[in-house]
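Working notes for the structure below.
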Amino acid sequence: MTTQTYSRLDIDDRGVARLTLERPEVHNAFDDHLIAELNDHLRRVGELAHRGEVRVLVLGSEGKSFSAGADLNWMKRMVDYDFEDNLADSRELSALMHGLDTLPCPTVCRVQGATFGGAVGLAACCDLVVASEKARFCLSEVRIGLSPAVISPYVQRALGSRQMRRYALTAEVMDAATAEHLGLVHRLVAPDELDAAVDAMVDTLLATSPQASRATKALLAEVARDPDSNATRDHTCRIISELRVSHEGQEGLASFFEKRRPAWAPDDPSNTERQK
């Protein structure tokens, strides 16, 4: 018997992983089934990224909406859950957010439309968000007596605490331009330009050193946790020193001085022309 799946993971020969939510009939709403699938996919991508076999993850979805947040049938089932059941569910969602946020490789979120509730957390956990001008964002939980609790650390980091207070307490819908202005979205494009913009961002990331990308992402997380300590300052010195003497660091410096593309960068005729 074939088990229904709600998501798909594709990995191409460049090391680009595309994780796609496939529930357009319910606006890609997520339930415990989808959350479990996404956690499994992210564990696989994380293992491959640690080995350098995946270099970039693109998170997207099918249909008009990025994700409507929690699935209605799942919410109906929650009515009969006790505290321990709810706690177990919440921990799975928390694992999803943490897994996406701490994935070793860079992550790009492709947002084409409505992004509500927990889905705002998915966007906030990605390193880069490319969105259509039709995108809308809403922390809608307080309207139904709940709270954006599990996603709050990630969304507040993206919006800042002052704006988080407004949007988490009012459940106002944030248009794409506002989301870009506040820092939740990095690049805003016309709907018919969304895929090209995502592909361009992926190409930009593939032109960077795989090792340096992983090291920089981990470093920035460490700096954010404790920016002013002696331990952090020493850690930053060690990271740059390790990279300078590494194989990729040596290759990067050599390619810069020799005016050629580094070994990890994809062939790009425009790069060659610019270097002449």
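The values are calculated or read from the model by the stated rules, or taken from the named source; none is laboratory data. Owing to the predicted nature of the structure, the values given are computational and were not obtained by experimental measurement. FYI the Cβ positions are ideal-geometry reconstructions off the backbone, even for glycines, and counts take in every protein chain you see. Calculation scope for accessible area: heavy atoms of the full protein, side chains included, ligands and nucleic acids excluded. Shrake-Rupley method; radii C 1.70, N 1.55, O 1.52, S 1.80 Å.
Tabulated results
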item	result
Selection from Ala197, Tyr167, Ser94 lying farthest towards where the dipole of segment 7-205 points positive, charges on Cβ	Tyr167
Viscosity 0.692 mPa s, temperature 37 °C, Stokes-Einstein D of segment 1-86 from Kirkwood C-alpha radius, µm²/s	231 µm²/s
³J(HN,Hα) computed for each position of segment 22-39 - Karplus, 6.51 cos²θ - 1.76 cosθ + 1.60, integer Hz, glycine/proline x	10, 10, x, 5, 10, 6, 6, 5, 10, 10, 4, 5, 5, 4, 4, 4, 5, 4
Dipole magnitude (debye, nearest 20) for segment 114-193, charges at Cβ of Lys, Arg, Asp, Glu	360 debye
Vicinal HN-Hα couplings computed from phi for segment 238-245 (Karplus, 6.51 cos²θ - 1.76 cosθ + 1.60; Hz; Gly/Pro x)	5, 4, 5, 5, 5, 5, 4, 8
Distance between segment 86-165 and segment 243-265 - C-alpha centres, whole angstrom	36 Å
Amide H within-cut-off set for Ser7, under 5 Å, with H built and near neighbours excluded	Glu22
Share of carbon and sulfur in the accessible heavy-atom surface of the chain [1.4 Å probe, %]	53 percent
Rg/Rh (Cα only; Kirkwood hydrodynamic radius) as it applies to the chain	0.99
Lysine pair number, Cα distance threshold 29 Å (strictly under), the chain, separation 8 or more or different chains	4
DSSP bridge pairs, the chain: antiparallel proportion in percent, nearest 5	30 percent
Unit charges on C-beta of K, R, D, E only; dipole of segment 143-276, Debye	560 debye
³J(HN,Hα) computed for each position of segment 215-225 - Karplus, 6.51 cos²θ - 1.76 cosθ + 1.60, integer Hz, glycine/proline x	5, 5, 4, 5, 5, 5, 5, 5, 5, 5, 6
Relative contact order [Cα under 8 Å, 6+ residues apart], the chain, whole percent	14 percent
Amide proton proximity set for Val54, modelled H, under 5 Å, gap of 5+	Ala49
Segment 147-270, accessible area per residue, ligands and nucleic acids excluded (1.4 Å, Å²)	61 Å²
Ordering of 55-61, 120-126, 187-193, 222-228 by burial proxy (mean other Cβ atoms within 10 Å per residue, highest first)	120-126, 55-61, 187-193, 222-228
Burial ranking of peptide ranges 164-172, 22-30, 107-115 (average Cβ count within 10 Å, highest at the top)	107-115, 22-30, 164-172
Charged-residue dipole, Cβ positions (Lys, Arg, Asp, Glu), the chain about Cα centre, Debye nearest 20	820 debye
